[in-house]
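**Q** Here's a structure for you.
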Amino acid sequence: MKKIINQWLNTPGYNCFCCNPTNERGLHLEFYEDGDDVVTFWQPHKDFQSWVNVLHGGIQAMLIDEVAGWVVTRKLQTTGVTSKMEMQYLQPVNINVEGLTIRAHIVKQMRNIVFIEGTITDSNGNLCTKGTMTYFCASRQKAAEAGFVECKVEE
C-alpha cells in the first residue's frame, strides 16, 4: 500500500472539508493506493452522529464519495464530479469503533463516464455501507486548465 500525494496542498483557495489537512473543521483524510482500490482510514466521533452513537448517513455518503473522487484522480489521472450516487446502509456505523476503512475502485468506464463502487467497513470487519457512484470525468486538457498536474504516490 502506497500513500497518495495530495497534489492540491499548495493550490490557492484549496480548503476541501474531507482532504485538506489544515481545514479546522475538516476530516483530514489521507489516501492510499491498494492494488485497484483507493483506501482511507478514519476515526468517527460524536460530532458526526445522527442517532446516539451512530454515524450520520450523510457523513457515510460523503466519505465514500470522497474516496471515489480520489479513485478518479489517482487511477485515471484527471478530475471529475459525481453525477449520481446510490447508498446502501447495511447496518449502523457505531462511532465508538476503533476506526473505519473506506475503499473504492472502478467497476466500469465508458469514455468520460466512470462507475465506482465504495464500501465502509468497521474495525470489527463488518461491512456497514456500500455505495455506487457515477462520475463524469474531465478530459486531461480540462483538468490541466483547472490546475491538475498528476497524482503520484510516495516511494
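**Q** For a test of the definition: using alpha carbon positions, the gyration tensor, and the 1.5 limit on a/c, classify the stretch 1-71 as rounded, prolate or oblate.
**A** oblate
**Q** Also, quick follow-up: Between Val149 and Glu24, how many nm apart are label points set 7 Å from Cα along the C-beta direction?
**A** Between Val149 and Glu24, the label points sit 3.0 nm apart.
**Q** Lys pairs in the chain, Cα-Cα under 18 Å, at least 8 apart or on separate chains: how many?
**A** Count of close lysine pairs: 10.
**Q** Only Cα pairs under 8 Å and at least 6 apart count here; give the relative contact order of the stretch 49-103 as a rounded whole percent.
**A** 47 percent
**Q** Just to verify a number: what accessible area does Leu9 come out at with the full protein assembly present, 1.4 Å probe, Å² rounded to tens?
**A** Per-residue accessible area (Leu9): approximately 90 Å².
**Q** Work out Dmax and Rg for the stretch 53-115 from the C-alpha atoms and quote the Rg first, both in angstrom.
**A** 13.4, 42
**Q** In a shell of Cβ-Cβ distance under 15 Å around Gly69, excluding Gly69 itself, what net charge do Lys and Arg (+1) and Asp and Glu (-1) give?
**A** Values: positive: Arg74, Lys75, Lys84, Arg103; negative: Glu30, Glu33, Asp37, Asp65, Glu66, Glu117.
Value of the local net charge: -2.
**Q** Using modelled amide H (1.01 Å from N, peptide plane; none on Pro or chain starts), what sits under 5 Å from the amide H of Gln49, excluding residues fewer than 5 places away?
**A** Excluding prolines and chain starts, which carry no amide H, the hits are His56.
**Q** Right, next: What percent do you get for the relative contact order of the stretch 26-125 when only Cα pairs under 8 Å and 6+ apart count? Don't jump to the answer; show the numbers that get you there.
**A** Working: 160 pairs, mean separation 31.3, N = 100.
In percent, rounded to a whole number, it is 31.
**Q** Report, in degrees rounded to the nearest 10, the 0 to 90 angle that the Cα long axis of helix 57-75 makes with the longest principal axis of the chain.
**A** Around 30 degrees separate the two axes.
The values are calculated or read from the model by the stated rules, or taken from the named source; none is laboratory data. The model shown is predicted, which means the values in this text are computed figures rather than measured ones. Because the Cβ atoms are built from the backbone with ideal geometry, glycine has one as well, and the counts that use them run over all protein chains shown. Remember, those area values only see protein heavy atoms, side chains included, never the ligands or the DNA or RNA. Shrake-Rupley method; radii C 1.70, N 1.55, O 1.52, S 1.80 Å.
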